[in-house]
1. Pick out the one residue from Val17, Val37, Val22 that is in a loop (DSSP other than H, G, I, E, B) and exposed (fewer than 12 other Cβ atoms within 10 Å of the Cβ).
2. Name the single residue that is surrounded by the fewest Cβ atoms within 10 Å (Cβ to Cβ) among those in the stretch 1-13 being of a type in the set (A, V, I, L, M, F, W, C) and farther than 11 Å from Leu51 by Cβ.
3. Quick check on my filter: what residues within the stretch 31-53 are of a type in the set (S, T, N, Q) and in contact (Cβ under 8 Å) with a residue 24 or more places away in the chain?
4. Quick one: which of Thr54, Thr49 is polar (S, T, N, Q), under 9 Å from the mean Cα position of the chain (by Cα) and modelled with pLDDT of 90 or more?
Amino acid sequence: MGVKSWANVRALRAVLVLFEAVSGLKVNFNKSMLTWVNVAESWLAEAATVLGCTVGKVPFLYLGLPIG
């Protein structure tokens, strides 16, 4: 993704929806977390709202292991 843009947020959403259609699995956006590096928290909060997920902080736990 690389660059902060609404086009990239829409592209991420489209990729996840396509993944659902192709795999038959369901992405649980309520359990998903959007993390950031060098992005304003207000912009990140808006992007998380559009995606239907929460804003995360680094470091975080993944499968019980610290990431970041």
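The values are calculated or read from the model by the stated rules, or taken from the named source; none is laboratory data. Computed from a predicted model, the values in this text were never measured in an experiment. Cβ sites come from the backbone with ideal geometry, for glycine too, and all protein chains shown count toward neighbours.
1. Val37
2. Of everything passing the filter in the stretch 1-13, Val3 is surrounded by the fewest Cβ atoms within 10 Å (Cβ to Cβ).
3. Scanning the stretch 31-53 gives a single hit, Thr35.
4. The conditions single out Thr54.
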